[in-house]
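J.: I have a structure I would like to understand better, so I am pasting it below and will then ask my questions one at a time.
The values are calculated or read from the model by the stated rules, or taken from the named source; none is laboratory data. As the structure is a prediction and not an experimental result, all values here were calculated from the model. Quick reminder, even Gly has a Cβ in these numbers, built from the backbone with ideal geometry, and neighbours come from all protein chains shown.
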């Protein structure tokens, strides 16, 4: 069974640009969550989607948004990038309330 | 608010030594889940264990064991006879047990384990 796939693996953007990250969950998993990992703040919850609906959102500004498609694939978008948005963005999928399976992440660098 | 504390920032051991990673948590919920994840250099978080707050039995899986004590709000992780491949960052995490089945994880800051040959 294929794991959680995140693309791209690395991304370099400049301040003010916007970026879209993609996540394909494990087949059959309907819940997709996103986390941001930085050296300063650690791992922080961004949002979670289930059946194309956002069920919960973390404490991040409105520049961070996401969506989920009918095939459970998810995208997250960050608009008007700031230097502080440089981070590893991790996607996780789960089946019901079981353990989260994480992808390898997208390393975003904002210059 | 929920909080997870991993006081050990980095631990260095020599192969075959036993090592314990500490985790202390705070929550007002009576029902919750505790997790341990391993993050190797590749970046992905690898699931190790999930423990329900009502299940205080210790667990052993190969060289790994976990000690859950509600009285001290701790969920410690021990690696017996450590190996170089155990080198990674280990995260302890806590989540509410919501009826919706959704799990939002609150992570500790992680403990970097370096195992040298």
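J.: From the list B:103, B:39, which residue is over 13 Å from the mean Cα position of the chain (by Cα), under 30 Å from residue A:50 (Cα atoms) and buried (at least 20 other Cβ atoms within 10 Å of the Cβ)?
T.: Only one candidate passes the filter, namely B:103.
J.: Considering region A:63-88 alone, what residues qualify as being outside any strand (DSSP E or B) and either over 18 Å from residue A:48 (Cα atoms) or touching a residue at least 60 places away in the same chain (Cβ under 8 Å) (or both)?
T.: First, pick out the residues of region A:63-88 that are outside any strand (DSSP E or B): A:63, A:69-73, A:79-86.
Once the filter is applied, which keeps residues that are outside any strand (DSSP E or B) and either over 18 Å from residue A:48 (Cα atoms) or touching a residue at least 60 places away in the same chain (Cβ under 8 Å) (or both), region A:63-88 yields A:79, A:80, A:81, A:82, A:83, A:84, A:85, A:86.
J.: Just the residues that are more than 13 Å from the chain's Cα centre (by Cα) and in a loop (DSSP other than H, G, I, E, B), please, taken from region A:43-62.
T.: A:51, A:52, A:59, A:61, A:62
J.: Test residue B:42 against the criterion of being without any contact (Cβ under 8 Å) to a residue 40 or more places away in the chain and within 22 Å of residue B:114 (Cα to Cα), and give yes or no.
T.: yes
J.: A follow-up question, please. Residues in region B:49-66: is at least one out of contact with any helix residue (DSSP H, G or I) (no Cβ under 6 Å at 6 or more places or on another chain), in contact (Cβ under 8 Å) with a residue 40 or more places away in the chain, more than 13 Å from chain A (Cβ to nearest Cβ) and in a strand (DSSP E or B)?
T.: No, because not a single residue in region B:49-66 is out of contact with any helix residue (DSSP H, G or I) (no Cβ under 6 Å at 6 or more places or on another chain), in contact (Cβ under 8 Å) with a residue 40 or more places away in the chain, more than 13 Å from chain A (Cβ to nearest Cβ) and in a strand (DSSP E or B).
J.: Report, by residue number, each residue of region A:98-111 that is surrounded by fewer than 16 Cβ atoms within 10 Å (Cβ to Cβ) and not in a strand (DSSP E or B). Break it down into steps so the answer makes sense when it comes.
T.: At the first step, the residues of region A:98-111 found to be surrounded by fewer than 16 Cβ atoms within 10 Å (Cβ to Cβ) are A:98, A:109, A:111.
Result: A:98, A:111.
J.: Checking residue B:82 against (1) surrounded by 13 or more Cβ atoms within 10 Å (Cβ to Cβ); (2) within 15 Å of the chain's Cα centre (by Cα); (3) over 26 Å from residue A:34 (Cβ atoms), which single condition isn't satisfied?
T.: Of (1) surrounded by 13 or more Cβ atoms within 10 Å (Cβ to Cβ); (2) within 15 Å of the chain's Cα centre (by Cα); (3) over 26 Å from residue A:34 (Cβ atoms), only one is false for residue B:82: (2).
J.: Step by step: first the residues of region A:62-111, then only those that are more than 14 Å from chain B (Cβ to nearest Cβ) and touching a helix residue (DSSP H, G or I) at 6+ places or on another chain (Cβ under 7 Å), then the one that is nearest to residue A:30 (Cα to Cα). Which residue is that?
T.: The extreme case among them is A:78.
J.: I'd like to know if region B:79-88 contains one or more residues that are farther than 24 Å from residue A:31 by Cα, outside any loop (DSSP other than H, G, I, E, B) and modelled with pLDDT under 90. Working first, answer last.
T.: Restricting attention to region B:79-88, the residues satisfying the condition of being farther than 24 Å from residue A:31 by Cα are B:79-88.
Then keep just the ones that are outside any loop (DSSP other than H, G, I, E, B); that gives B:79, B:84-86, B:88.
Now drop any that are not modelled with pLDDT under 90, which leaves none.
Taking every residue of region B:79-88 in turn, none turns out to be farther than 24 Å from residue A:31 by Cα, outside any loop (DSSP other than H, G, I, E, B) and modelled with pLDDT under 90.
J.: Quick check on region A:2-23: of everything there that is within 14 Å of chain B (Cβ to nearest Cβ) and surrounded by fewer than 20 Cβ atoms within 10 Å (Cβ to Cβ), which residue is modelled with the lowest pLDDT?
T.: Among them, the one singled out is A:2.
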